[in-house]
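Readers should treat all values here as calculations from the given coordinates under stated rules, not as data from a laboratory. Treat the numbers as computed from the prediction; the structure is a model and nothing was measured. Please note: Cβ atoms are built from the backbone with ideal geometry, for glycine as well, and neighbour counts cover all protein chains shown.
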C-alpha cells in the first residue's frame, strides 16, 4: 500500500512543485497591490486550486484505465481494492496538504499586511488580527475556515470517488461499448442522482437535529463541527461504499 501511495506522489511531484511556486509568485505579485490584492488571492486561490486538484486526480485515474501506461499499475501484485484505496488515500493527503498550504498563505498575507502597516510582526498577533478581521466582516474566525475547508474536502473526495466509480463501471461492465466517454458521464450523473436522493432522505430524518441550531446567531467552530458532522459522516460512508464497489470491479471485472 505504501509503495502505491509513493508511486502516486512520484507521478505528480513536479506538478505539485510547479503549482506551489506559481502560487507563491502570483501571491507576491498581488501583494504589491496592497490589501485588495491579498484579498483577491485568498478568495480565488482555494477555488482555482480545487478545480486543478479534482481535474488532475480524475485525469490520472482515467489515464490508468485507458492508456498503456496504466498497464504497469494493474500488472503489479496488488489487488483492485489496494489500488483504489491507495488512490483515495493519496487524494486525501493531497487535499489536506492544500488546506495546510492555504493556511500558510493566510498567515503570510496577514504578516505582510501588518508589516506594511508598520507594526511589529508576531504570529500570535497575526492570527489575532486575522480573526478580528474575519469576525468583523464575515462573523467567523480561522477555526470556522478550517472546519468549512475540511467539510468541502470531504465532499470533493466524494465527488472524486463517484467519478472513479463511473469510469470503473464503464471500463468493466460496459467495456465493449463504443461510446465510453459519454457512457461514463451518464453513469456519473446517475450515481450522483442516487447519492443526492439517498442523502436527501437521510437529512430529512435529521431535520429536527438541524432545527435545534436554527436560532443560533453566533456559532462557534466546535458547534459548527457538531452541526456539519451528520453530513460529513454520510458523505464518508457513501465514499467508502463506492470505494468498495470500485475495488471489486477492478479486482473481478476490469477489462484493460
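Side notes on the structure shown:
- Added length on full extension, which subtracts the Cα-Cα distance from 0.36 nm per residue, residue 48 to residue 104: 18.5 nm
- Whether region 1-59 is rounded, prolate or oblate, judged on the alpha carbon gyration tensor where a/c under 1.5 counts as rounded: prolate
- Gain in span if fully extended, residue 222 to residue 96, counting 0.36 nm per residue against the direct Cα distance: 43.4 nm
- Quotient of the Cα radius of gyration of region 1-101 and 2.2 N^0.38 Å, N being its number of residues: 1.30.
- A crude spin-label estimate for the pair residue 56 and residue 17, with each label 7 Å from Cα along the Cβ direction, gives 1.3 nm.
- Taking other C-beta atoms within 10 Å as the exposure proxy, 113, 51, 236 rank 51, 236, 113 from fewest upward.
- Label-point gap, in nm, between residue 5 and residue 233 - each point 7 angstrom along Cα→Cβ: 2.6
- Among 141-147, 6-12, sorting by the average number of other beta carbon atoms lying within 10 angstrom of each residue, highest first, gives 141-147, 6-12.
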